[in-house]
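This report refers to the structure that appears directly beneath it.
The values are calculated or read from the model by the stated rules, or taken from the named source; none is laboratory data. Please read these numbers as outputs of a predicted model, since none were measured by experiment. Note that each Cβ is placed from the backbone with ideal geometry, even for glycine, and that neighbours are counted across all protein chains shown. With ligands, DNA and RNA removed, areas are computed over all heavy atoms of the protein, side chains included. Shrake-Rupley method; radii C 1.70, N 1.55, O 1.52, S 1.80 Å.
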Amino acid sequence: MMYREQTASLSLSEAILGKAKDYLQLTKFTLSFLVVFSCVVGYLMVPQVNMGSAKVLLLFIAGICITGAANAFNQLMERDTDALMRRTAGRPLPAGRMQPAEALTVALVLTFTGLILLSVYFNPLSAWVSLLSLCLYAFVYTPWKRWNSLAVFVGAFPGALPPLIGWIAGSGTLSAGGWSLFLLQFFWQFPHFWAIAWIAHDDYQRAGFRLLPGNGTRNAYVAMQVLSFTILLIMAGFLPYLLHVYGSFALSAGLLTGAYLLYRAWKLVEKCDAASARQLMFAAYIYFIAVQLAMLIDKI
């Protein structure tokens, strides 16, 4: 009797843990965390916002809700193509562990929760811009990936909105400081995402996604595009400094890690191979994290 009870208890625990893992996969929690972190940094960079603000947690929760909802809508719409790719076939929808109706319910609940939190505790403008970001990602960028590589350009807009949303949440305005952070994250996405698209090119091809510029193949033209946007990214790093959003420490961090990113982009031009693309992808992550942390240190 005791053995059966222990077995039933263990099965229930495993079922709950499995469902929790599915929800984390559906909302891409790790990716969402990085996105929302940039939103929180944008909020904290507003001059009148105190670094110890208790609202940071509320903004983080709201951001996780909105970003998680966008990812859930994305996976709901791409469940058939996800089943064709090795890297996504194990997600809860293509694997059959979750029904579309459940995923839709999760996405809607998260959307409304996030928008209400932003409207009540911050301002309606931050909620409206968050809704715009969600719609652009889920309902414009997501289907566009099957049409042509301009999807990456389109997707860079919602990808760059989080720091601007954070700025709006703290200031209530669409001012130049927030737009400078938007531009920084906008240009960062091109070397970052094209590196991923280069590595996962065969998988994306199986799903019919067109994400590399030009004729859609891995070649020197794509590598030169990566190099060009990396240069634009480094140049964009001066704008928040000139607008006094951050100081010389964050600027220096951006220039140092940007130089490394540029080096990795040049290596991709030279070699045009997956190993160089993978190193470029990691360099882009290093740049992102280093600049975000440096901005916070500069504010302190």
* Asked: Any idea which of Leu233, Leu243, Leu251 is in contact (Cβ under 8 Å) with a residue 24 or more places away in the chain and buried (at least 16 other Cβ atoms within 10 Å of the Cβ)?
  -> Leu233
* To do: Report, by residue number, each residue of the range 107-162 that is closer than 19 Å to Phe190 by Cα and touching a Cys at 6+ places or on another chain (Cβ under 6 Å).
  => Pro162
* Residue that is closer than 22 Å to Lys21 by Cα, open to solvent by less than 80 Å² (accessible area, probe 1.4 Å), out of contact with any strand residue (DSSP E or B) (no Cβ under 7 Å at 6 or more places or on another chain) and modelled with pLDDT of 95 or more, where the choices are Thr113, Thr88 -> Thr113
* For the range 91-110, which residues satisfy the criterion of being surrounded by fewer than 17 Cβ atoms within 10 Å (Cβ to Cβ) and either within 18 Å of the chain's Cα centre (by Cα) or closer than 27 Å to Gly166 by Cβ (or both)? -> Leu108, Val109
* To do: Would you be able to say whether some residue in the range 76-83 is farther than 20 Å from Gly155 by Cβ and open to solvent by 10 Å² or more (accessible area, probe 1.4 Å)?
  => yes
* Asked: Would you say Thr111 is in contact with a helix residue (DSSP H, G or I) (Cβ under 6 Å, 6 or more places away or on another chain), touching a residue at least 60 places away in the same chain (Cβ under 8 Å), of a type outside the set (Phe, Trp, Tyr) and assigned to a helix (DSSP H, G or I)?
  -> no
* Which of the residues spanning the range 119-162 are free of Cβ contacts under 8 Å to residues at least 12 places away in the same chain and of a type in the set (A, V, I, L, M)? -> Val120, Leu150
* Output for the range 240-275, where each listed residue is outside any loop (DSSP other than H, G, I, E, B) and closer than 18 Å to Val41 by Cβ -> Pro240, Tyr241, Ser248, Phe249, Ala250, Leu251, Ser252, Ala253, Gly254, Thr257, Gly258
* Which helices (runs of 4 or more DSSP H) sit wholly inside the range 134-216 and have at least 3 residues that are closer than 20 Å to Asp273 by Cα and either open to solvent by less than 20 Å² (accessible area, probe 1.4 Å) or at pLDDT 95 or above (or both)? -> 176-199
* For the range 17-66, enumerate the residues that are surrounded by fewer than 13 Cβ atoms within 10 Å (Cβ to Cβ) and touching a Lys or Arg at 6+ places or on another chain (Cβ under 8 Å). => Gly18, Met51
* Could you please give the count of residues in the range 114-124 that are in a helix (DSSP H, G or I) and out of contact with any helix residue (DSSP H, G or I) (no Cβ under 6 Å at 6 or more places or on another chain)? => 3
